[in-house]
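> Pasting a structure here, questions to come.
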Amino acid sequence: MGNIVSIVLTILGALSWGLLLGGISRTVTARIHGRMGPRVTQNFIDMWKLFKKTSSIHHGGMFWMAPMFRITGAICVLLMVPLVIGNSITYNMSFAGDIFLVIYIMFFGCLGMALGAGNSGHPYAVIAVSRGLAQMSSYELSFSIAVVAIAVGLKTFRIEGIVEAQQAGILSWNIFRFPFASAGALIAFLPMQMAYPFGIVLAPQEIPIGPPTEYSSRFLSFMFSGRALFGTAKLILFVSLLFGGASNWISLLVKTFLLYMYPVVVSSVFPRFRTEQSIRFLWFVPTSLALVDLIRVML
Amino acid sequence: MVKALAIFLPLLGAFINAWLPGKSPKASRVVSYLMLTAGLIAVIMLSIQLGAWNLRDLSDSVILSTGVGSPPLSINLEITAGGTLAAIVMYAATIFSLHRFALTTPKSQPLILALLTASLGLLFATDIFNSFVFLEIGSIVTIGLTAACKCGSRWEAAIKAALVSGLVTILYLLAVAVLYRSTGMLTLAALGNVSGASAVIVAILLLTVIVTEIKAFPLTGWGLDFYQGTSSIVAGLYSATWSLAVLLWAAKVLPLLPIGNPIIYAWIGAAGLVFSQLAGLRASSSGRIMGYSTSAYASLLLVAAGTTTGAFYTQTVIVLMIFSSIAKFSLFMLGNPEKKDQWSGFGTLLFLVPILLLAGIPPLPIFWAKFAFLAHLASGFPVIFYAVLAGLLLEAVYLFRFWSARSEKTGEKSAKRPSAVAAVLLMLLASVWITRMSWGALDFSGSIIESAGLRNIFHGLFAIGTLLCLPGVFNRIGREKSYWFWLLISGAALTILPAAGNGLTFYLLWEISAFAAVIGVSKGTAASKGTFWYAVFASLSGYLLLGGILLSKGSFAMAGVPAVLITIAALVKMGQFGTHLWNVRTYPAAPGTLPAFLSGTSSKAAVLLLVAVAVNSSSASLPWGRVIAWIGALTALGGAILAALAPDYKKMLAHASVSQLGYILMGLGLASILGWTAAIYHTIHHLIFKMALFLGAAGVLYRTGTTEFNNLGGLVKKMPWTFAFTLISVISFASIPPLAGFGSKWLLYNGLIEQGWLPVLIVGMFASVVAFLYSFRLLHGVFLGQLSPKNAHAKEAPLPLLIPQALLAMAIMVLGFKPTILLNFLVPVLEKIGLSGLAPVIQGDMVLTTMGTWNAWMVGLMVMGLFGFAFVFYWISGHKPKYVGQLDIGFAGEMPPSADEVHYSNNFFRPYQRALSFLPKIHAQKIFSGVNKTFNMLGDGVRALFTGDGRTYLAHSLIFLLLLFVFLNGGM
Amino acid sequence: MTAQSLFYWSLVVTAAGLVLIGLWGVLTRKNILRIALAFTLADTGVNLILVWSGFLPNRSAPIVDASVTSMVDPLPQALVLTSIVIGVAVAALFVVVGVLASRKSGSADVRRMKELRW
């Protein structure tokens, strides 16, 4: 029972945190650009507004179900990662799988999104998906190498185990033990968060908002909450993988906040790659970095 | 009495016919039929009397003396048991072709009968001068028949035959003179008494004569021109009577020649086989192709004479020569493709059986002889063995090209010639009967794979895979012909395959399965190219398998070269690493549910083969497991990229199939329990999802008539169930939890990490994310996006296609949510076969390895729970949007002009392709066309020998004679 | 050198010479009728060799009458008869086919009879 409560709280908390972070990032971006920007709570307001509006049209079954896929995928990732190490009630479902499961279940939501975009019949949505998949298959390469290097180096695939191995002070964090793999993973983190210079999926100048082009009102609110949840889940995953996890709630919030700010800041100062440039960059630069640690681990 | 009748009735008939006035063709025909039928009955009686049908001992004989005294004063004929069988073929062929001669050249009847007489005489001759007489009669009649036939090049064909016959006469009589001078005798047995210089002269003269007459390389040129130039009826009769007689006469004489070591025959034969078949690759006319095939069998005869003796020699030669003659006879009787003899349906099948027979495909008779013969070669003559194997493979290539070019020309009418039908039926009967020969017993004890558990898994897979393809076979499109029969045969052979207890049985079932599927593929519309590629690669993997099995003496406990050959055979069958070309060409061309069978079920035979090799090795591992794993990984990656860029539904699935089979190889290469668990798990999984996908593709093709992505899209509205099952399969093969595919990846990655094969792991992981590209491309290209008006009429796929898909989708769900059902069975089985590494621990729903955990049931519950919750929440929140038309999209404030214009499909992953452009464009196709060019060049080089000038062929014979002289004298 | 051995050697040399000339002609002549002639020459040579194969010195012809005490081997002479008959048949057929073939190709040149090739 406690588990169920924890799961519900995790979902709600992660949603709020994700929305809040989104609001903060909008403010920060605005300030970097020299604007005032919206309130930090703006995302909550938007979300509520969208949710209250009922969509009057849909484009088919997959269009209809895509937001559910999206949100389910995001929550699954969230629940597979332990939140606060030592506090076993916050491990949620992480006993059910290891890091490989997390990597692959991340695609569940992406696939749902892609299906919805496909079913909407809008060419821009599909172009965005084709770009997104091409880019995803590229950054997953360096991300997988980094994960394998870390997991093999620590001799466990269980996220819990990976976090526990980093509890001996700040230098035991994987970012210091596996600097190259971490660098690779952190570069891969940028396209994962759709940050510039890799923001080719949502590219507003070319394909308005990418996959959810046809979505509106309540559908869109689900999409957005899915994105917020997924974002938070990825933050927690990266914190667990590279930054020693969190031994208490404060550290979780601080670490995820700081990690969240990294793509926001990078994003604000970079222009955007073309799709093939992005793909090639991701094939070569972060991959070579991550490979260094993989070779180290092998030897 | 019977003896004399059997031989001389045709002669009598010939005389009567020659005397009968030409005005009453009917009477002469009646006489011919009477004589021939009576003679045939006499020969059959003789064969029964000699026990020929027993096939065990073909050397029993009776002497037919025709005068007083001994040869050469009278003609003594020795009628052997094997010879009577050949005589039956000759009689039958003559009877069958009489009708067609009567239609075209009614006056040639005495010639036909004379040819039969000459053939019978030569077949049974015991005397070297008698042989000469019959040889001359045969040549004269052949030339006469050719000159009398109605075809444009008859004079030229006749003149070339006449030139060669003139030379042969001279050389032969010289040999006779020397023989007689030296021994004072003229019996064939006297050849053994010659010694010294005379022996050399007699040997080289007669060997040259024999090689020229049987048309073995390099003295084959005139035969090629002759077969090409003469009419198909003459060529057919010629190959079933005279050519057969000459071959068997040569078989009789060759062992008697005073040549010292007969291994020289084998060398001439083996080298000739390779060279002539290289040139054969370049042949295009049917007559020439048959000529090259004749040359191949002549070379085989030489190899047999050089390497075998006694009853085995007789049996091998009799079976090879008789059945190749029958095959050529029926092919010629079916007519030349150039002559607008159009065939379809049953006709192409009639045409195929002789081709399969010539190529030695089981269970047709020549297979048994070739298998036993090659086994013999493998055990003592490795170099000759390889050469023969290579030559036979080349022969298979041009034969199948001939067939596929032929089956392309399908016309409306389907004439069935009784002669060809009879010949084909005869072959099929003979294939049953021939198993009486003690050439290796079939064994279905399953002793190749000791583990009953593993066997049962494969039995089950093959049986289920076949059964699920069957309901859909009657939903055919347009001109597709019924392929269900071949699907059934292929599936049945596969289902029995794991029970094979020896190499022969395994090979037999493997080939039956492969070639039944080849025939099935040929039933598709415009399938000829796909069929050809499939047939060639099936032959390639078949011969590699055969080579491996024979080199290890029929056992699967092998190492070294045989193991490598067999591994390559399996890789070719799986379309790995460049050989994917055949998959990509065959699957799109194959009709209906056949691609599902080929990709889902039939490809697993290769897995079984690798498993069989591995479990019989000392450490339960494959040779060079690491290399195999690398091949698997690179193929997985390359296949995935090619699949993502493929423009066609079925082509994409073919690339994807090859790519997914790569994961099985990675697992098998590991030789650890985890690796094998992953491999077998993925074998099962691949069967399930690939069949579901191909069945879905069959439904789409059936309803829309196209598989090109540019013509598809938006079908989800029309075919929701097909989409649903395809979606489940796609989620599964993209390894997304909670469906079955994740399990195979998880087990595989654990296995790879356990063994420390991290580079392989990385390539594999990369391939699995590239798989997302094509998985979405597939879903979108066919089912999502805008429905083209072209497909507005499409309906849901028919139930016979949907129900198997539904079952398979359910299997994916079950395997995904409760993989422990399978693992609980599989892991104990694999633990017993001596693999290295630790087994995964299964606790309830939890699967544990030393490093990872996986609880599929909990993951499944979580996903389904969350999804269900979201679904219900959505539903009850009163959210009821209205469905709008597909063109009702945000399109710059306009209504899009047409669905086709807003459907994003062409060149879907263009940026990805652009990003890949730094890679050198290594197309497997280019490599293969390079191979093709090289072979063509070699073939051109060889056939430059055959200039078409009759005198060149004479020069060949004389040069051959001189070389033999130099060689034999040097050797002495 | 006795008359017998002179005869013996002249037989051998003539026969071998005929065969060689015949073969040379077959290989080098272009006219189909000349080739037929060359074959006939070679055939004659071969027939002589056949006769030679039954030759025994100091024997008479194998015609049985009272005066004959020792004769050469009669068998090859019988064979030669067969061979000559066959040779005639072959030559006749060759010439017929050759003439008709040259009518078709418009020339008796064998080099132009190369339609059947590759």
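The values are calculated or read from the model by the stated rules, or taken from the named source; none is laboratory data. What you see is a predicted model, and the numbers here were worked out from it, not measured in a lab. For neighbour counting, all protein chains shown are included, and Cβ atoms are generated from backbone atoms with ideal geometry for every residue, glycine included.
> Would you mention how many residues in the range B:714-767 are small (Gly, Ala, Ser), within 11 Å of another protein chain (Cβ to nearest Cβ) and in contact (Cβ under 8 Å) with a residue 40 or more places away in the chain?
7
> Another question, if that's okay. Take the conditions assigned to a loop (DSSP other than H, G, I, E, B) and either free of Cβ contacts under 8 Å to residues at least 60 places away in the same chain or within 14 Å of another protein chain (Cβ to nearest Cβ) (or both) and apply them to B:Arg288. Does it pass?
When the stated conditions are applied, B:Arg288 does not pass them.
> Please determine, by comparing only the residues of the range B:252-299 that are under 19 Å from B:Phe935 (Cβ atoms) and basic (Lys, Arg), which one is nearest to the chain's Cα centre (by Cα).
Looking at the filtered set, the residue picked out is B:Arg282.
> Follow-up. Go through the residues of the range C:15-28 one by one and say whether even a single one is under 27 Å from B:Val141 (Cβ atoms), modelled with pLDDT of 80 or more and surrounded by fewer than 18 Cβ atoms within 10 Å (Cβ to Cβ).
For the range C:15-28, residues under 27 Å from B:Val141 (Cβ atoms), modelled with pLDDT of 80 or more and surrounded by fewer than 18 Cβ atoms within 10 Å (Cβ to Cβ): present.
> When residues of the range B:927-972 are filtered for being part of a helix (DSSP H, G or I) and either at positive phi or not hydrophobic (A, V, I, L, M, F, W, C) (or both), how many remain?
Number satisfying all stated conditions: 19.
> Here is a further query. Can you tell me which residue is nearest to A:Ala165 (Cα to Cα) among those in the range A:71-91 that are facing another protein chain (nearest Cβ under 9 Å) and of a type outside the set (Ser, Thr, Tyr)?
Going through the qualifying residues, I end up with A:Met80.
> Another question, if that's okay. Just to be sure, is A:Ser144 facing another protein chain (nearest Cβ under 7 Å), free of Cβ contacts under 8 Å to residues at least 60 places away in the same chain and within 18 Å of B:Leu778 (Cβ to Cβ)?
No, not satisfied.
> Yes or no: the range A:92-111 includes at least one residue that is touching a helix residue (DSSP H, G or I) at 6+ places or on another chain (Cβ under 8 Å), part of a loop (DSSP other than H, G, I, E, B) and either more than 9 Å from every other protein chain (Cβ to nearest Cβ) or not charged (D, E, K, R) (or both).
yes
> Quick one: in the range A:115-125, of everything that is in a helix (DSSP H, G or I) and more than 18 Å from A:Glu206 (Cβ to Cβ), which residue is nearest to the other protein chains (Cβ to nearest Cβ)?
In this case the residue turns out to be A:Gly118.
> Quick check on this structure: which one of B:Val859, B:Val841 is of a type outside the set (S, T, N, Q), in contact with a Pro (Cβ under 6 Å, 6 or more places away or on another chain) and assigned by TED's automatic domain parsing to the domain that holds B:Ser744?
Of the residues listed, the single one that is of a type outside the set (S, T, N, Q), in contact with a Pro (Cβ under 6 Å, 6 or more places away or on another chain) and assigned by TED's automatic domain parsing to the domain that holds B:Ser744 is B:Val859.
> A further question follows. Residue check, A:Pro197 against (1) out of contact with any Lys or Arg (no Cβ under 6 Å at 6 or more places or on another chain); (2) over 30 Å from B:Gly893 (Cβ atoms), all met but one. Which one?
Condition (1) is where A:Pro197 drops out.
> Okay, next question. Out of all the residues in the range C:64-81, is one or more at the interface with chain B (Cβ under 10 Å from one of its Cβ atoms) and in contact (Cβ under 8 Å) with a residue 40 or more places away in the chain?
No, that holds for no residue.
> Where in the range B:67-183 are there helices (runs of 4 or more DSSP H), lying wholly inside it, with at least 1 residues that are surrounded by fewer than 24 Cβ atoms within 10 Å (Cβ to Cβ) and more than 38 Å from the chain's Cα centre (by Cα)?
B:109-124, B:128-148, B:154-183
Here is a yes/no grid of residues against (1) acidic (Asp, Glu); (2) touching an Asp or Glu at 6+ places or on another chain (Cβ under 9 Å); (3) modelled with pLDDT of 85 or more:
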| residue | (1), (2), (3) |
| --- | --- |
| B:Val902 | no, no, no |
| B:Phe908 | no, no, yes |
| B:Tyr912 | no, yes, yes |
| B:Ser917 | no, yes, no |
| B:Gln925 | no, no, no |
| B:Asn936 | no, no, yes |
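> Taking the conditions exactly as written (under 44 Å from the mean Cα position of the chain (by Cα), within 14 Å of another protein chain (Cβ to nearest Cβ) and crowded, with 18+ Cβ neighbours inside 10 Å), does B:Ala856 satisfy them or not?
yes
> Give the residue, chosen from A:Ser182, A:Ser138, that is within 11 Å of chain B (Cβ to nearest Cβ) and either within 17 Å of the chain's Cα centre (by Cα) or not in a helix (DSSP H, G or I) (or both).
Checking each option against the conditions leaves just A:Ser138.
> When both residues are 6+ apart or on different chains and their Cβ atoms are under 7 Å apart, which pairs have a first residue that lies in the range B:874-897 and is more than 9 Å from chain A (Cβ to nearest Cβ), and a second that is in a loop (DSSP other than H, G, I, E, B)?
From residues that are more than 9 Å from chain A (Cβ to nearest Cβ), the pairs are B:Met895/B:Leu887.
> All but one of (1) farther than 21 Å from A:Met68 by Cβ; (2) in the same structural domain as B:Ser775 (by TED's automatic domain parsing) hold for B:Leu866, so report the exception by its number.
Looking at each condition in turn, B:Leu866 falls short on (1).
> Among (1) at the interface with another protein chain (Cβ under 7 Å from one of its Cβ atoms); (2) not in a loop (DSSP other than H, G, I, E, B), which single condition is B:Phe908 missing?
Condition (2) is where B:Phe908 drops out.
> Is it the case that the range B:645-654 has a residue that's more than 28 Å from the chain's Cα centre (by Cα) and in a helix (DSSP H, G or I)?
Yes, the conditions are met somewhere in the range B:645-654.
> List every residue pair whose Cβ atoms lie under 7 Å apart, where the two residues are 6 or more positions apart in sequence or sit on different chains, the first residue falls within the range B:931-949 and is within 23 Å of C:Val110 (Cα to Cα), and the second residue, located anywhere, is part of a loop (DSSP other than H, G, I, E, B) and not basic (Lys, Arg).
Here the result reads B:Arg943/C:Trp118; B:Leu945/B:Pro218; B:Gly948/C:Leu116, each pair linking the range B:931-949 to a residue that is part of a loop (DSSP other than H, G, I, E, B) and not basic (Lys, Arg).
> Anything in the range B:492-523 that is outside any helix (DSSP H, G or I) and closer than 21 Å to B:Leu350 by Cβ? List them, or say none.
B:Lys523
> Now for a separate question. When you scan the range C:1-57, how many residues do you find that are within 9 Å of chain B (Cβ to nearest Cβ), outside any helix (DSSP H, G or I) and more than 25 Å from B:Thr183 (Cβ to Cβ)?
2
> Hey, does the range A:260-269 have a residue that's within 14 Å of chain B (Cβ to nearest Cβ) and within 24 Å of A:Val129 (Cβ to Cβ)?
No, there is no match, as no residue in the range A:260-269 is within 14 Å of chain B (Cβ to nearest Cβ) and within 24 Å of A:Val129 (Cβ to Cβ).
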